[in-house]
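Enquirer: One structure coming up, written as structure tokens, with questions to follow.
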Amino acid sequence: MKQPSLPLGITIGSNKMITLYGIKNCDTVKKAQHWLDEQGVDYNFHDLRNDGINEATIRGWCEQLGWDKVLNKRSTTYRQLSETDKAGLDANTAPALMAAQPTLIKRPVFVRAGTVHVGFSETAYRELTA
């Protein structure tokens, strides 16, 4: 039950609103969307590539999960970074780099009532949507 993307900071209804951040052509994001749709769970999809993302939002995720969990080191974008850029990544620099290059963010990012989960896990999603 995908809802249209909203500007950052906008929520609909109660604190049970889910926002799924990702890229529309990512297989893991499609899998998460399919699972949410099958379960009849309403969510807002935020396309990181088309809608962008601000550094403050990413910093919040990194504070909750750790920057190294939010950063996708298996992405093509990460592999194309220079060794200097990779070596300089830390809690201060990673969020700005991810905001500038959203494909560096591990996907999908599931957010509900301030709780953030990265990646798709049917078990975790079941708990997060209960």
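The values are calculated or read from the model by the stated rules, or taken from the named source; none is laboratory data. All values derive from a computational prediction rather than experimental measurement. Neighbour counts run over all protein chains shown; Cβ positions are idealised from the backbone, glycine included.
Enquirer: Report every pair of residues separated by at least 6 positions or lying on different chains whose Cβ atoms are under 8 Å apart, first residue within region 119-130 and on the phi > 0 side of the Ramachandran plot, second surrounded by 11 or more Cβ atoms within 10 Å (Cβ to Cβ) and in a helix (DSSP H, G or I).
Expert: Gly119/Thr28
Enquirer: To continue, here is another question. Across region 91-121, what is the number of residues that are under 18 Å from Asp42 (Cβ atoms) and not small (Gly, Ala, Ser)?
Expert: Final tally of qualifying residues: 8.
Enquirer: Give me the residue from region 112-130 that is in contact with a helix residue (DSSP H, G or I) (Cβ under 8 Å, 6 or more places away or on another chain) and of a type in the set (A, V, I, L, M, F, W, C) and, out of that set, farthest from Glu63 (Cα to Cα).
Expert: It comes out as Phe120.
Enquirer: Okay, moving on. Restricting attention to region 99-122, which residues are among the aliphatic types (A, V, I, L, M), surrounded by fewer than 15 Cβ atoms within 10 Å (Cβ to Cβ) and not in a helix (DSSP H, G or I)?
Expert: Within region 99-122, just Ala113 meets the criteria.
Enquirer: Could you list all residues from region 82-94 that are in a loop (DSSP other than H, G, I, E, B), touching a residue at least 12 places away in the same chain (Cβ under 8 Å) and surrounded by 12 or more Cβ atoms within 10 Å (Cβ to Cβ)?
Expert: Once the filter is applied, which keeps residues that are in a loop (DSSP other than H, G, I, E, B), touching a residue at least 12 places away in the same chain (Cβ under 8 Å) and surrounded by 12 or more Cβ atoms within 10 Å (Cβ to Cβ), region 82-94 yields Leu89, Ala91.
Quick grid of which residues meet (1) closer than 26 Å to Ala130 by Cα; (2) touching a helix residue (DSSP H, G or I) at 6+ places or on another chain (Cβ under 6 Å); (3) part of a helix (DSSP H, G or I); (4) modelled with pLDDT of 95 or more:
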site	(1), (2), (3), (4)
Leu6	yes, no, no, no
Ile10	yes, no, no, no
Asn15	yes, no, no, no
Thr19	yes, no, no, yes
Lys30	yes, no, yes, yes
Phe45	yes, no, no, yes
Gly60	yes, no, yes, yes
Arg74	no, no, no, no
Ala96	no, yes, yes, yes
